[in-house]
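Asks: Here it is, the structure, as structure tokens.
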Amino acid sequence: MTTKKKGSGFAALQRMGRSLMLPIATLPAAGLLLRLGQSDVLGDKGLSQHISWMQPVADVLAAAGGAVFTNLPLIFAVGVAVGFAKKSDGSTAVAGLFGYLVFNGVLETLSKYLAPIAKFYKLVFSIDSDVSDVKINYGVLGGIIIGVIAALLWQRFYRIKLPDWLAFFGGRRFVPIITSGAAVLIATVMGVIYPVFNWLINEKFGGWLMHAGAHGGIGGSVAYFVYGVVNRLLIPLGLHHLWNSLPWFQLGSCKSLTEPGKILHGDLTCFFNGTPATNAWTGNFMTGFFPIMMFALPAAALAMWRSAYPAKKKATGALMISVALTAFLTGVTEPLEYAFAYVAFPLYVVHAILTGTALVVVNALGIKDGFSFSAGFIDYVINFGKSADLSGGVFQGPILLVIIGLIYAVIYYFLFSFLIKKFNFHTPGREEEEGTDAFASAQSEAAERTGKNAEAARKA
């Protein structure tokens, strides 16, 4: 019984992680639109200097991309509701939409009463949260909570039968109704505790991370190292999106670039849509992945290719070139990482530790960069100018990032080559049994371990 509950809990976490991918998938397009519309690209410091009619185009594109980033909580509410529910349909999305609109409306009203609530916490618990000019804003976290609630309520009530005189509101129509009611209660509770949340997350933890991002320090280095290591270690389990959502979408704060006065949260959100005066700290939890995904992991693929047995070297080479190119261009590294995560886990631990060191190094050097999807060449090119601005120059930012990446590539190639041969790891091309395919087996095991097989069965 205990094992079943544990397994169910773990599966729920995996399901939660995968549900976050649905709203996250909107970010590449939004990030591209917002970057094209900023001043250094098509705006007044870019192409508009030479072609005046490009300024309206830049404004339109910036507004289009900014609309996505400023409404991320709503997008997450709908996306998580659809992704988390079992065999969801359109009514699940409607429930998530209704729930978040109610949730947000209640919080806006409760914002008027924040001052006396904060005064109470100060008197009783000595928590001095500055909410004088702050609206209650849980950011993406609020959207995720409402999305999960909508999904759970949909699963419970989408087949409910009401008395004949209320039959019209039964079944799927009942779900948005009860979700809205639940959202009122949740918003009320979360509104009352917001001064504590604001003090702990936004002011203390988030403020510390912002300071560390802007000024460095040992504490910040430790945080980035731990984040990088855990991020990689969770990938074979399919839980890394849960881990990423906190720093990328919740911690830290900035003022919106497209909606003056609006406060946004998260490293990724603020990198793209924060005003220059408030986003200097961004990139802390993103920059260090560029050297790993663009250079280090392709070098690891080269090491596995070169370490393959002579009879299998050609086939292994074609495979490794494919996954290495994917990692370099797009930052999608899972197929490559799966190739050694399950057959040579000690090697994967080394990779996770080195990823943590990469985040420490780039932050210690003050390099800033970010991505809307992943740390590949496409995002590197799109955000080249922004990286240079935030880092203090082209060389101090994107160019130095490439140099660090090349150094990590050398480290990965020689270290992986040595460890594979020293400990006889059965990486692709080094299978002991004839007819076995380590790469295919790894991808199959990854689908099982990350819950993708279960997800496919659940949605069928």
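Asks: Would you check which residues across segment 405-460 are at pLDDT 75 or above, surrounded by fewer than 19 Cβ atoms within 10 Å (Cβ to Cβ) and among the β-branched types (Val, Ile, Thr) and list them?
Replies: 407, 410, 411
Asks: Any idea which of (1) within 27 Å of the chain's Cα centre (by Cα); (2) not assigned by TED's automatic domain parsing to the domain that holds residue 350 is the one residue 159 doesn't satisfy?
Replies: All conditions pass for residue 159, except number (1).
Asks: Can I ask one more? Go through segment 309-344 residue by residue and tally those that are without any contact (Cβ under 8 Å) to a residue 24 or more places away in the chain and either within 16 Å of residue 237 (Cα to Cα) or not assigned by TED's automatic domain parsing to the domain that holds residue 383 (or both).
Replies: The qualifying residues number 0.
Asks: What number of residues within segment 287-321 satisfy the criterion of being assigned to a helix (DSSP H, G or I) and either over 18 Å from residue 373 (Cα atoms) or not hydrophobic (A, V, I, L, M, F, W, C) (or both)?
Replies: As a first pass, look at segment 287-321 and keep what is assigned to a helix (DSSP H, G or I): 289-306, 310-321.
Among the residues that remain, those that are also either over 18 Å from residue 373 (Cα atoms) or not hydrophobic (A, V, I, L, M, F, W, C) (or both) are: 291, 296, 298-306, 310-321.
Residues meeting the conditions: 23.
Asks: Does residue 275 fit the bill of being surrounded by fewer than 24 Cβ atoms within 10 Å (Cβ to Cβ) and without any contact (Cβ under 8 Å) to a residue 40 or more places away in the chain?
Replies: Spelling it out, residue 275 is indeed surrounded by fewer than 24 Cβ atoms within 10 Å (Cβ to Cβ) and without any contact (Cβ under 8 Å) to a residue 40 or more places away in the chain.
Asks: Which one is surrounded by the fewest Cβ atoms within 10 Å (Cβ to Cβ), of the residues in segment 129-163 that are modelled with pLDDT under 85 and among the hydroxyl-bearing types (Ser, Thr, Tyr)?
Replies: So in segment 129-163, the residues modelled with pLDDT under 85 come out as 129-135, 158-160, 162-163.
Restricting the remaining residues to those that are among the hydroxyl-bearing types (Ser, Thr, Tyr) gives 129, 132, 158.
Details: 129: 22, 132: 8, 158: 21.
The extreme case among them is 132.
Asks: Please work out which residue is nearest to residue 238 (Cα to Cα), limiting yourself to segment 30-57 and to residues that are assigned to a helix (DSSP H, G or I) and without any contact (Cβ under 8 Å) to a residue 24 or more places away in the chain.
Replies: Taking segment 30-57 first, the residues assigned to a helix (DSSP H, G or I) are 30-36, 47-49, 54-57.
Among the residues that remain, those that are also without any contact (Cβ under 8 Å) to a residue 24 or more places away in the chain are: 47-49, 54-57.
Details: 47: 42, 48: 44, 49: 46, 54: 43, 55: 43, 56: 42, 57: 40 Å.
By that ranking, first place goes to 57.
Asks: Of 298, 291, 247, which residue is free of Cβ contacts under 8 Å to residues at least 60 places away in the same chain and either hydrophobic (A, V, I, L, M, F, W, C) or touching a Leu at 6+ places or on another chain (Cβ under 8 Å) (or both)? Spell out the reasoning first.
Replies: Details: 298 fails: free of Cβ contacts under 8 Å to residues at least 60 places away in the same chain; 291 fails: free of Cβ contacts under 8 Å to residues at least 60 places away in the same chain.
Among 298, 291, 247, only 247 is free of Cβ contacts under 8 Å to residues at least 60 places away in the same chain and either hydrophobic (A, V, I, L, M, F, W, C) or touching a Leu at 6+ places or on another chain (Cβ under 8 Å) (or both).
Asks: Going through 283, 288, 261, 317 one at a time, which residue ends up being in contact with a helix residue (DSSP H, G or I) (Cβ under 8 Å, 6 or more places away or on another chain), among the small types (Gly, Ala, Ser) and surrounded by fewer than 19 Cβ atoms within 10 Å (Cβ to Cβ)?
Replies: Residue meeting the stated conditions: 317.
Asks: Ok, one more. Among 350, 343, 381, which is surrounded by fewer than 22 Cβ atoms within 10 Å (Cβ to Cβ), among the hydrophobic types (A, V, I, L, M, F, W, C) and either modelled with pLDDT under 90 or touching a Lys or Arg at 6+ places or on another chain (Cβ under 6 Å) (or both)?
Replies: Details: 350 fails: either modelled with pLDDT under 90 or touching a Lys or Arg at 6+ places or on another chain (Cβ under 6 Å) (or both); 381 fails: either modelled with pLDDT under 90 or touching a Lys or Arg at 6+ places or on another chain (Cβ under 6 Å) (or both).
That would be 343, the only listed residue that is surrounded by fewer than 22 Cβ atoms within 10 Å (Cβ to Cβ), among the hydrophobic types (A, V, I, L, M, F, W, C) and either modelled with pLDDT under 90 or touching a Lys or Arg at 6+ places or on another chain (Cβ under 6 Å) (or both).
Asks: Here's another thing I want to ask about it. Just one of 106, 189 is more than 22 Å from residue 70 (Cβ to Cβ) and at pLDDT 90 or above; which is it? Please lay out each step first, then the result.
Replies: On the way: 106 fails: more than 22 Å from residue 70 (Cβ to Cβ).
When all the criteria are applied, what remains is 189.
Asks: Sticking with this one: Taking the stated definitions as given, is residue 280 part of a loop (DSSP other than H, G, I, E, B), within 22 Å of residue 418 (Cβ to Cβ) and in contact with a Lys or Arg (Cβ under 9 Å, 6 or more places away or on another chain)?
Replies: On the way: part of a loop (DSSP other than H, G, I, E, B): yes; within 22 Å of residue 418 (Cβ to Cβ): no; in contact with a Lys or Arg (Cβ under 9 Å, 6 or more places away or on another chain): yes.
No: the conditions fail for residue 280.
Asks: Please give the number of the condition residue 226 fails out of (1) within 28 Å of the chain's Cα centre (by Cα); (2) assigned by TED's automatic domain parsing to the domain that holds residue 112; (3) touching a residue at least 24 places away in the same chain (Cβ under 8 Å).
Replies: Here residue 226 meets the rest and fails (2).
Asks: Of the residues 151, 187, 118, only one is more than 24 Å from residue 75 (Cβ to Cβ), of a type in the set (A, V, I, L, M, F, W, C) and part of a helix (DSSP H, G or I); which? First the steps, then the outcome.
Replies: On the way: 151 fails: more than 24 Å from residue 75 (Cβ to Cβ); 187 fails: more than 24 Å from residue 75 (Cβ to Cβ).
Going through 151, 187, 118 in turn, the sole match is 118.
Asks: Let me ask you something else. Pairs under 6 Å by beta carbon, first residue outside the structural domain of residue 252 (by TED's automatic domain parsing) and on the phi < 0 side of the Ramachandran plot in segment 113-138, partner part of a loop (DSSP other than H, G, I, E, B) and hydrophobic (A, V, I, L, M, F, W, C), six or more apart or different chains?
Replies: 114/131; 118/131; 121/127
Asks: Looking only at residues in segment 58-86 that are of a type in the set (Val, Ile, Thr) and touching a residue at least 60 places away in the same chain (Cβ under 8 Å), which one is surrounded by the fewest Cβ atoms within 10 Å (Cβ to Cβ)?
Replies: My answer is 70.
Asks: Further question: May I ask you to say which residue of 106, 82 is within 21 Å of residue 197 (Cα to Cα) and either assigned to a helix (DSSP H, G or I) or hydrophobic (A, V, I, L, M, F, W, C) (or both)? Full working, then the answer.
Replies: Values: 82 fails: within 21 Å of residue 197 (Cα to Cα).
Just a single option satisfies the conditions, and that option is 106.
Asks: Tell me yes or no: at least one residue of segment 178-193 is surrounded by fewer than 16 Cβ atoms within 10 Å (Cβ to Cβ) and in contact (Cβ under 8 Å) with a residue 12 or more places away in the chain. So that I can check it myself, show each step before the final result.
Replies: Taking segment 178-193 and keeping what is surrounded by fewer than 16 Cβ atoms within 10 Å (Cβ to Cβ), we get 181, 184-185, 188-189, 193.
Then keep just the ones that are in contact (Cβ under 8 Å) with a residue 12 or more places away in the chain; that gives 184, 188.
Checked segment 178-193: at least one residue is surrounded by fewer than 16 Cβ atoms within 10 Å (Cβ to Cβ) and in contact (Cβ under 8 Å) with a residue 12 or more places away in the chain.
The values are calculated or read from the model by the stated rules, or taken from the named source; none is laboratory data. Source: prediction; values computed, not measured. Every residue, glycine as well, gets a Cβ built from its backbone with ideal geometry; the counts of neighbours run over all protein chains shown.
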